[in-house]
1. Of all beta bridges DSSP finds with both residues in region 8-198, what is the antiparallel percent, to the nearest 5?
2. Which ordering of R29, R193 is given by a fewest-first count of other beta-carbon atoms within 10 Å?
3. With the calculation restricted to Cα positions, what are the radius of gyration and Dmax of region 53-106 in angstrom?
4. Specify which residue in the list C131, A90, W148 is farthest towards the positive end of the charge dipole of region 87-157, using unit charges on the beta carbon of Lys, Arg (+1) and Asp, Glu (-1), about the Cα centre.
5. Which of L183, L63 comes first, and how do the rest follow, when ranked by fewest Cβ neighbours within 10 Å?
6. Listing T88, T77, T129, T181 from the residue with the fewest other Cβ atoms within 10 Å to the one with the most, what is the order?
7. So for region 8-198, Kirkwood radius off the Cα pairs, Stokes-Einstein at 20 °C and 1.002 mPa s: how many µm² s⁻¹?
8. Kirkwood Rh and Cα-based Rg: tell me the resulting Rg over Rh for region 90-141, rounded to two decimals.
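All of the numbers you see were taken from the coordinates with simple rules; none came from a lab. Please read all numbers here as calculations on a predicted model, not as lab measurements. So basically every Cβ, Gly included, is an ideal-geometry build from the backbone, and we count neighbours across all protein chains shown.
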Amino acid sequence: MDSSPLFSLDESMTKSSPKDADIRASARRGAVFLDRDQTLNVDHGYTHLVDDFAWMPGAPDALSLFHRHAIACFIVTNQGGIGREFFTAAQMREFNDHLVAQAGLAGGHIMDIAHCPHHPKAPSPAMRTPCNCRKPEPGLLLGLAAKWNIDLSASVMIGDRDSDVAAGQAAGCHAYLFDGTDLSGLARHVIDRHFSGARIDDTPGSRNQGGVNA
C-alpha cells in the first residue's frame, strides 16, 4: 500500500448546515452511498466539465425521494483522471459543486462527497494503486461512516459497476447494481426494503419533483 491519504473529501462543497450537524451528532443510522458517474450523472469518459453535466434517468427524483424520507445521501466516486493528470482536483470540485447545487434544486441533498484520485496508470508513483480507497476497496465508505456516524450495516450502496457493489459489500452495506434505466424506481425499492420506517418530510418548502410519490 502507498502512503497517500486513505481518501479525499470535497472540502469546497457547500458548507454543512445545522441539520447536517444534528445528523452527525445523532445516534448511528443508515445512509445511502451513491456512485457518481453513470449513476447520478451521465459519464462522458473522465467527466469533469460543468458544461457536460447531465442527469442519469430518474436521478433527480431519486435524490428528492431520499431527502423527503430523511435519508442521508453521500457520493463515493473513483476519480482516477486526477491521478492520470487528465483533469485537476479543482476541476472535479467545480463539477461536484454544480452537481450538489442541481441536486438541491431538484429537492435532494448531498451530505458529503468522498473521492479516490488514484489510478494504476498514474504517471506519479504516489498516485498509483494499490490504495485503500479506489473501489472495489471500501475506504471511501468507511471514512464517511466514521466522519458522519453512519451505521454501515443499515446502509445501502448503489452504483453502475461491479466494483461499486463490491465496495459496498466490503464495507458491510447492502449493495445494488444500477442498470441505468430509472434510478428513482430503484430508490423506491431501496426505501421500501431498507428504510421502511423513514419519516416523510411534507413540511412547507419540501420538494416533490417529477411526480415522485412516496
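1. DSSP beta bridges in region 8-198 are roughly 15 percent antiparallel.
2. Working: R29 17, R193 11.
Result, fewest neighbours first: R193, R29.
3. Calculated on Cα positions, Rg and Dmax stand at 13.1, 39 Å.
4. Selected residue: C131.
5. Values: L183 26, L63 30.
Fewest to most other Cβ atoms nearby, the residues stand as L183, L63.
6. Values: T88 13, T77 22, T129 19, T181 10.
Listing T88, T77, T129, T181 from fewest to most nearby Cβ atoms yields T181, T88, T129, T77.
7. Values: Rh = 16.4 Å.
The Stokes-Einstein estimate is 130 µm²/s.
8. Numbers: Rg = 14.0 Å, Rh = 12.7 Å.
Checking Rg against Rh, the ratio lands at 1.10.
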